[in-house]
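Each remark here refers to the structure printed beneath this line.
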Amino acid sequence: MIETFAYAVAVVALLVGLLAAWLMLRDRRVDNPLFYAAAALEVLLVALLVTGCVALAGTDRDVDGITFVSYLVTVVVIPPAAILWGIAERSRWGTGVVVVAMITVAALCARLTDVWTGTYV
């Protein structure tokens, strides 16, 4: 269940990244639709954090708990930091920061499933 949810959150992060890329290509700053999309993603990421911690507490499989929880916390911290940076930077590159951050969140969510299944190196 954690794998499916993490991949769904990764897809949402990529969609938010596409919205930010569209705004960046149009030379626009971070605006309300992007802010609301990132806020909706943040709600999903907090839900992923809670479900991941509950699943970790209740599992008997061999999961590296420190790495797993650090990935969960990191993906929750990235979007607000990127949005704040994007708002502070008044050029198109502020929106570019959000694009890179959303790609990072998607990659970390995919990597999170590797840590959960124990297939990471």
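Condition check for Cys53 on (1) assigned to a helix (DSSP H, G or I); (2) more than 15 Å from Thr113 (Cα to Cα); (3) at pLDDT below 95: one failure, at (2). Scanning region 112-121 for residues that are within 17 Å of the chain's Cα centre (by Cα) and either of a type in the set (Phe, Trp, Tyr) or surrounded by fewer than 17 Cβ atoms within 10 Å (Cβ to Cβ) (or both) turns up Asp114, Trp116.
Of all residues in region 23-38, those that are more than 11 Å from Gly86 (Cβ to Cβ) have Cβ atoms under 8 Å from Cβ atoms of residues that are of a type in the set (A, V, I, L, M, F, W, C) and surrounded by 12 or more Cβ atoms within 10 Å (Cβ to Cβ), 6 or more apart or on another chain, in Pro33/Leu19; Ala37/Leu15; Ala37/Val16; Ala37/Leu19. Taken over region 56-74, the residue count meeting the criterion of being touching a residue at least 40 places away in the same chain (Cβ under 8 Å), surrounded by fewer than 17 Cβ atoms within 10 Å (Cβ to Cβ) and assigned to a helix (DSSP H, G or I) is 1. The requirement of being part of a helix (DSSP H, G or I), closer than 15 Å to Glu3 by Cα, modelled with pLDDT of 90 or more and not β-branched (Val, Ile, Thr) is satisfied by Ala107. Filtered by the rule that a residue be closer than 18 Å to Gly96 by Cα and in contact (Cβ under 8 Å) with a residue 12 or more places away in the chain, region 39-55 gives a lone residue, Leu41. Taking the criterion of being in contact with a helix residue (DSSP H, G or I) (Cβ under 9 Å, 6 or more places away or on another chain), in contact (Cβ under 8 Å) with a residue 12 or more places away in the chain, within 13 Å of Val115 (Cβ to Cβ) and in a helix (DSSP H, G or I), would at least one residue in region 75-90 satisfy it? For region 75-90, residues in contact with a helix residue (DSSP H, G or I) (Cβ under 9 Å, 6 or more places away or on another chain), in contact (Cβ under 8 Å) with a residue 12 or more places away in the chain, within 13 Å of Val115 (Cβ to Cβ) and in a helix (DSSP H, G or I): present. I need the full set of residues from region 13-34 which are of a type in the set (A, V, I, L, M, F, W, C), surrounded by fewer than 19 Cβ atoms within 10 Å (Cβ to Cβ) and either within 14 Å of the chain's Cα centre (by Cα) or assigned to a loop (DSSP other than H, G, I, E, B) (or both), in order please. Answer for region 13-34, where residues must be of a type in the set (A, V, I, L, M, F, W, C), surrounded by fewer than 19 Cβ atoms within 10 Å (Cβ to Cβ) and either within 14 Å of the chain's Cα centre (by Cα) or assigned to a loop (DSSP other than H, G, I, E, B) (or both): Leu14, Leu15, Leu18. Here region 66-85 is the region considered, the condition is being in contact with a Leu (Cβ under 9 Å, 6 or more places away or on another chain) and among the hydroxyl-bearing types (Ser, Thr, Tyr), and the residue that is farthest from Leu41 (Cα to Cα) is Tyr71.
The values are calculated or read from the model by the stated rules, or taken from the named source; none is laboratory data. Quantities reported herein were computed from a predicted structural model and do not represent experimental measurements. Note: ideal-geometry Cβ built from the backbone for every residue, glycine included; neighbour counts use all protein chains shown.
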